[in-house]
Amino acid sequence: QVQLVESGGGLVQPGGSLRLSCAPSGSVFRFDAMGWYRQAPGKQRELVATITSGGNTNYADSVKGRFTISRDNAVNTVYLQMSSLKPDDTAVYYCKADRLWNVYWGQGTPVTVTS
């Protein structure tokens, strides 16, 4: 069973930065698309950013210009560099990875943006 492990969440002030990481818990095959989603309290889970195995990226309009997704295929890890954070970015951030017809999710890492 593939498990994705996120790290890097925490408490940050508005305007600050955080870097999230997500990697499988063991040695696994290379993933196809990988991405980050988030779920704020009382809201549905939404897409933040995705990246294909070839490096093509896609971002939600709300994070364009502030967040950057990247991946290291050698270690099957996806990153999310978040800058200029706003209180509206407060949510649990989930990593997602696809492999053929299978979809894998991490357990989530909380990000809280508050002064």
Inset, instruction - Can you confirm whether region 36-47 contains a residue that is more than 16 Å from T112 (Cβ to Cβ) and either at pLDDT below 95 or among the β-branched types (V, I, T) (or both)? - result: no
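Residue-wise test of (1) surrounded by fewer than 13 Cβ atoms within 10 Å (Cβ to Cβ); (2) in a loop (DSSP other than H, G, I, E, B).
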position: D32; (1), (2): no, yes
position: W36; (1), (2): no, no
position: T50; (1), (2): no, no
position: G54; (1), (2): yes, yes
position: D61; (1), (2): yes, yes
position: S84; (1), (2): no, yes
position: V103; (1), (2): yes, no
Inset, instruction - Take G42 and decide whether it is at positive phi and either open to solvent by 50 Å² or more (accessible area, probe 1.4 Å) or among the β-branched types (V, I, T) (or both). - result: yes
Legend entry - All positions within region 21-53 that are within 13 Å of the chain's Cα centre (by Cα) and of a type in the set (A, V, I, L, M): A23, A33, M34, L47, V48, A49, I51
Legend entry - Which listed residue is of a type in the set (V, I, T), open to solvent by less than 30 Å² (accessible area, probe 1.4 Å), in contact (Cβ under 8 Å) with a residue 40 or more places away in the chain and more than 13 Å from V111 (Cα to Cα), from V2, V12, V28: V2
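Looking at region 66-76, which of its residues are in contact (Cβ under 8 Å) with a residue 12 or more places away in the chain and either in a loop (DSSP other than H, G, I, E, B) or crowded, with 18+ Cβ neighbours inside 10 Å (or both)? Steps first, please.
So the first thing to find is which residues in region 66-76 are in contact (Cβ under 8 Å) with a residue 12 or more places away in the chain, and the list is 66-71, 73, 75-76.
Hits for region 66-76 are R66, F67, I69, R71, N73, V75, N76.
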Legend entry - Tally, over region 15-25, of residues that are open to solvent by 30 Å² or more (accessible area, probe 1.4 Å) and either among the β-branched types (V, I, T) or assigned to a loop (DSSP other than H, G, I, E, B) (or both): 3
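The values are calculated or read from the model by the stated rules, or taken from the named source; none is laboratory data. In this text the structure is predicted, and so the values were computed from the model without any measurement. Cβ coordinates were reconstructed from backbone atoms using ideal geometry, including for glycine residues, and neighbour counts include every protein chain displayed. SASA here: full protein model, heavy atoms, side chains in, ligands and nucleic acids out. Shrake-Rupley method; radii C 1.70, N 1.55, O 1.52, S 1.80 Å.
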